[in-house]
Amino acid sequence: MPVTPSVLIIYTGGTIGMVEDPKTGELHAFDFKHLADQVPELKKFEVSITTISLEKPIDSSDMRPGNWAEFARLIQENYTLYDGFVILHGSDTMAFSASALSFMLEDLSKPVIFTGSQLPIGTIRTDGKENLITSIEIAAAKIDGKPIVPEVAIYFEYQLYRGNRTHKFNADHFQAFQSSNYPVLAQAGVTIKYDVNAIQHYVPGKKLKVSTQMDTNIVILKLFPGISAKVVKAITSIDGLKAIVLETFGAGNGPIDLELFSYLESALNKGVVILNITQCNSGSVVQGKYQTSSVFNRIGIIGGADITTEAAVTKLMYLFGKNLPLDEIKTLLRTSIRGEITETA
Ligand code: ASP
């Protein structure tokens with residue numbers, strides 16, 4: 001007798017879990033214990049589904065590292081009981097949460113699939129039902145008894161993406177997410193087509209390790225033509241600052257402004273880590289390709305290759321949260337620890 005796969009759904013908030021009051025048109029969160037009433041299709045599934053909901057579901061704009069820690073702990077506590085996990089989450093900061101979870105859950109060997117929707121699940125044109133149903137199918141999917149997607153991923157509008165490679169790029173369209181620097185992990189159509197070469201490989205016998213400590217002494221500094229050295233001075237002198245995600249132009253370039261460099265350099269000398277990532281939607285930082293980025297190499301700024309802003313921020317929070325020596329943090333920033341960057345030679 002085949003064993004029925006089991007999936008734990010964790011409802012955290014966001015549009016997907018809202019229903020419209022037919023009289024007032026107002027949106028309010030519905031009780032996820034009655035999920036099957038909203039999505040009767042689930043009864044036809046040969047998957048045993050359990051749902052839990054945060055006590056107070058939240059809009060994802062209000063997510064904090066403490067919430068990520070709660071999701072990680074829920075997965076840890078239920079890890080051996082389920083074949084896979086689906087996290088229902090608002091789309092606004094889903095890429096941050098998925099990136100954070102990818103770092104917090106080391107040696108993961110089960111699917112953790114984030115999904116949500118642009119329209120509430122109770123509305124006629126909702127994208128939520130398809131997103132939910134297919135996410136459950138992916139979380140339960142196995143080949144030869146092994147999970148097909150043993151990693152943290154985002155499923156949205158027929159595409160499955162690696163969580164820490166994804167960003168929200170559209171506030172209106174059903175297709176709200178993109179993974180510009182990494183192939184989609186699966187495409188859902190009549191069947192779900194998995195790109196097994198792009199998906200993390202299942203390694204038997206791995207034991208899940210969970211680290212929930214995140215250090216938030218991090219800032220994003222986005223360059224723009226005309227940025228004043230005064231602003232850079234103020235940011236680099238923030239008390240207790242551990243790292244700066246420096247969003248530069250194109251392949252990692254910035255203005256040749258000696259005063260600005262001097263502030264970055266003094267932050268580096270104080271032990272602040274500076275990670276250079278591109279403002280472009282896709283492509284990679286190659287420090288030293290242009291004169292306008294060579295100086296970054298010289299003063300010790302780390303090239304972030306093709307990492308997303310979401311993954312850069314959460315990776316830094318995670319690495320500093322682990323209290324690792326600075327040199328190790330710098331090495332790990334150049335290394336793909338969860339498939340979040342394409343390593344350069
Ligand atoms: N503001 C909502 C949220 O991120 C939007 C959504 O659910 O997609 O929670």
| message | Give me the residue from the stretch 83-92 that is within 12 Å of the chain's Cα centre (by Cα) and farther than 16 Å from Glu70 by Cα and, out of that set, least open to solvent (accessible area, probe 1.4 Å). | response | Ser91
| message | Anything in the stretch 291-341 that is of a type in the set (Gly, Ala, Ser), touching a residue at least 24 places away in the same chain (Cβ under 8 Å) and on the phi < 0 side of the Ramachandran plot? List them, or say none. | response | Ser293, Gly303, Gly304, Ala311, Ala312, Gly321
| Among the numbered criteria (1) more than 16 Å from the ligand (Cβ to nearest atom); (2) under 22 Å from Ile87 (Cβ atoms); (3) modelled with pLDDT under 85, which single criterion is violated by Pro5? | (3)
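Working only within the stretch 71-87, note down all residues that are within 16 Å of the ligand (Cβ to nearest atom) and either in a helix (DSSP H, G or I) or at pLDDT below 95 (or both).
The first filter runs over the stretch 71-87 and keeps only residues within 16 Å of the ligand (Cβ to nearest atom), leaving 71, 86-87.
Correct list: Phe71 only.
Let me confirm something: among Leu119, Leu160, which residue is of a type outside the set (Val, Ile, Thr) and not in a loop (DSSP other than H, G, I, E, B)?
On the way: Leu119 fails: not in a loop (DSSP other than H, G, I, E, B).
None of the others qualify; the one that does is Leu160.
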| field | Enumeration of residues in the stretch 52-69 that are away from the ligand (no atom under 16 Å from the Cβ) and either farther than 22 Å from Ile218 by Cβ or free of Cβ contacts under 8 Å to residues at least 40 places away in the same chain (or both) | value | Ile52, Glu55, Gly66
| message | Quick check on my filter: what residues within the stretch 12-30 are in contact with a helix residue (DSSP H, G or I) (Cβ under 9 Å, 6 or more places away or on another chain) and without any contact (Cβ under 8 Å) to a residue 60 or more places away in the chain? | response | Ala29
| field | Conditions (1) open to solvent by less than 20 Å² (accessible area, probe 1.4 Å); (2) modelled with pLDDT of 95 or more: number failed by Leu260 | value | (2)
| Are any residues in the stretch 238-257 without any contact (Cβ under 8 Å) to a residue 24 or more places away in the chain and either of a type outside the set (Asp, Glu) or open to solvent by less than 30 Å² (accessible area, probe 1.4 Å) (or both), and if so, which ones? | Ile238, Gly240
| task | For residues that are of a type in the set (Ser, Thr, Tyr) and within 23 Å of the chain's Cα centre (by Cα), scanning just the stretch 11-31, find the one that is nearest to the ligand (Cβ to nearest atom). | result | Thr15
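The values are calculated or read from the model by the stated rules, or taken from the named source; none is laboratory data. Keep in mind it's a predicted model, so treat the numbers as computed, not measured. Here Cβ is always computed from backbone atoms with ideal geometry, including for glycine, and neighbour counts include all displayed protein chains. Keep in mind that these areas ignore ligands, DNA and RNA; they rest on the heavy atoms of the full protein, side chains included. Shrake-Rupley method; radii C 1.70, N 1.55, O 1.52, S 1.80 Å.
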